[in-house]
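Report on one structure; see the data block that follows.
The numbers here are math on the coordinates, done by the rules we state, and not lab data. What you see is a predicted model, and the numbers here were worked out from it, not measured in a lab. Using ideal geometry, Cβ is built from the backbone for each residue, glycine included, and neighbour counts are taken over all protein chains shown.
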Amino acid sequence: MEWEDGRRSGNIEDRRGLGPVGIAGGGVGAVVLAAIGYFVFGIDPRATLQATQSLQRPAQQEGVRGQVSDRDGQFVDVIETSNREVWTPVLRQEGVEYRPPQAIVLYNQATGTGCGTGQSAMGPFYCPADQKVYLDLSFWRELEGRFGAKGDFARAYVISHEIGHHVQHLMGADQQARRLGARGAESGSVRLELQADCYAGVWAAHAGEASGGRIAIDRADIEDGLGAAAAVGDDTLQKQTQGQVVPDSFTHGTSAQRMRWFTRGYDQGDPSACDTFSAGRL
């Protein structure tokens, strides 16, 4: 993947080096983030809640906003800007104004969010309450070492998936998922996550053209993205962490489903092809 010449908007809030800080009280936000940690990475939610409670202090962080100087931070900036370049015209065709996330927050260990205390063990996540994406860059080592997903595009897929959740928030899909409710393989959560995978594919389909050729994605990059999608399927993670697959506890979809919906978004390049909520077959 070629990205070094990509434009950067500076929509980065850099909290790295500020130390772990929580939000007083915990409450529902901490429970939400505990669920994220469990369902994405197989972390026991009780352990996550214990950790968040131990970090409950008044929020006192405001990261430095703007351009970042390190290569990893610049990569995140380029991918966020590229998503902006793609989604602004794509959503305009759908009659929706694209408003970028409030920021991509880079942090270490733990940080306060509008959804509770975020921890690096949870992996990247989007908080609809403050419309920010949170990312501890140590996750890249986890992505390569634990999940075997290597390459810049695997990282770009992860970032674009989280920005896909922001697109869903703008379009009201997150509320639709809550209304649908249910648990397991057909739940609103699974449909929401698969749609975000599809949206990441839509971004990849348009990134080169939208960037004026500053970003180049080839078939090998797409294979890296598919590898990342496969690595974080519910069935794959459950086999790794508990030795068996329990569809009733699915929240993100199987490896095959995540690959299929990412591919659908990439092949068609149209968000209307990503309607997982009306799909008879996920």
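Using θ = phi - 60° in the Karplus curve 6.51 cos²θ - 1.76 cosθ + 1.60, the 3J(HN,Hα) couplings for segment 227-244 round to x, 5, 4, 5, 5, 10, x, 4, 5, 5, 5, 5, 4, 5, 8, 10, x, 8 Hz; x is entered for Gly and Pro. Peptides 217-226, 107-116, 133-142 ordered by packing proxy, namely the average of other Cβ atoms within 10 Å per residue, highest first: 107-116, 133-142, 217-226.
With θ taken as phi - 60° and the Karplus curve 6.51 cos²θ - 1.76 cosθ + 1.60 applied, the whole-hertz 3J(HN,Hα) list for segment 184-196 is x, 5, 10, 6, x, 4, 4, 5, 5, 5, 5, 5, 5 Hz, x standing for glycine and proline.
The packing ranking of peptides 197-203, 243-249, 152-158, highest mean first, is 197-203, 152-158, 243-249, where packing means the average number of other beta carbon atoms within 10 angstrom of each residue. Summarising the amide proton neighbourhood of ARG8: residues at separation of 5 or more, or on other chains, whose placed amide H is nearer than 5 Å comprise an empty set.
Residues whose amide H comes within less than 5 Å of that of GLU13, counting only those at least five positions distant or on another chain, are ILE104, VAL105, LEU106 (H built at 1.01 Å from N in the peptide plane). For segment 197-211, 3J(HN,Hα) computed residue by residue from phi via the Karplus equation (6.51, -1.76, 1.60; θ = phi - 60°) reads 4, 4, 5, 4, x, 4, 4, 4, 5, 10, 4, x, 5, 5, 8 Hz, glycine and proline entered as x.
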